[in-house]
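Q: Submitted below is the structure of interest, expressed as structure tokens.
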Amino acid sequence: MNLTEMTTRVRQDLQDTDAANYRWTDDEVDGAIERVVREFSLAYPKQEQTDIPTTDGSRELDISSLDNLLKLYSVEFPLDQDPPYYQRFTRWSSKLYMTDKGNGGNARVWWGKQHTLDATTSTIPEEHEEIIVLGTTGYLVISASAYTVDRATIAGTSSTINFLKWGQQRLEHYKRQLKHIARDNRIIASELYVE
């Protein structure tokens, strides 16, 4: 689902579908979605592989082209070895330093990046879209409870307490699911990559 569809789904979950009288602005909803996508990405990065040329005689590898880099899994160099040969490496800013010196050939970098959720595309797996909704609604409801604290409402103080409880329950459930996804991802990543 793209950002527009996700926003609609979040508003449905919040029962905030009257466009003439939204409780949350589009900017608030989009900001909460962006926050949750970032948190989700840290737990479950989009897995990528990129071939980057080495410099003959240098251990340094420029990784500045890896946009939205969250994690480096492994570096395979030289390529086409059977079994594959993985380098020990360290990272400093936009540079990666391998144990062995380059020879001008490519090194294959296995890495995790932040997911995208925009107007046209999403890299979030379909089975995890509802966790984005859950976290987003939790953050929005908590913000609504804080907003109502110093304001007179028809429901009185119970509306603030109810919003707070509802938001806290959603965020607790969201965080449990996120931990579960992160744990499973570490198991999968350790099977796929050698660090």
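Q: Cα gyration tensor of segment 46-113, axes a ≥ b ≥ c as square roots of the eigenvalues: rounded (a/c below 1.5), prolate (a/b > b/c) or oblate?
A: Values: a/c = 1.78, a/b = 1.27, b/c = 1.41.
It comes out oblate by the Cα gyration axes.
Q: Taking only Cα atoms and a 10 Å spring cutoff, compute GNM fluctuations for the chain and point out the largest among Asp27, Asp16, Asp184.
A: Of the options given, Asp27 has the highest mean-square fluctuation.
Q: Could I ask something else about it? Hull surface divided by four, with the convex hull built on the Cα atoms of the chain: how many nm²?
A: 13.4
Q: Determine ³J(HN,Hα), in whole Hz, for all residues of segment 122-136 in sequence, where each value follows from phi through the Karplus function 6.51 cos²θ - 1.76 cosθ + 1.60 and θ = phi - 60°; x replaces Gly and Pro.
A: Listing the rounded values in order: 9, 9, 6, x, 3, 5, 10, 5, 5, 5, 5, 4, 4, x, 4 Hz.
Q: Something else now. Given a cut-off of 18 Å, name the pairs among Lys71/Lys95; Lys71/Lys101; Lys46/Lys71; Lys113/Lys175 whose C-alpha atoms lie farther apart than that in the structure shown. It would help to have the intermediate numbers written out before the result.
A: On the way: Lys71/Lys95 13 Å; Lys71/Lys101 22 Å; Lys46/Lys71 10 Å; Lys113/Lys175 20 Å.
Distance filter (> 18 Å) returns Lys71/Lys101; Lys113/Lys175.
No lab work stands behind these numbers, since they all come straight from the coordinates. If you're wondering where the values come from, they're calculated on a predicted model, not measured in any experiment.
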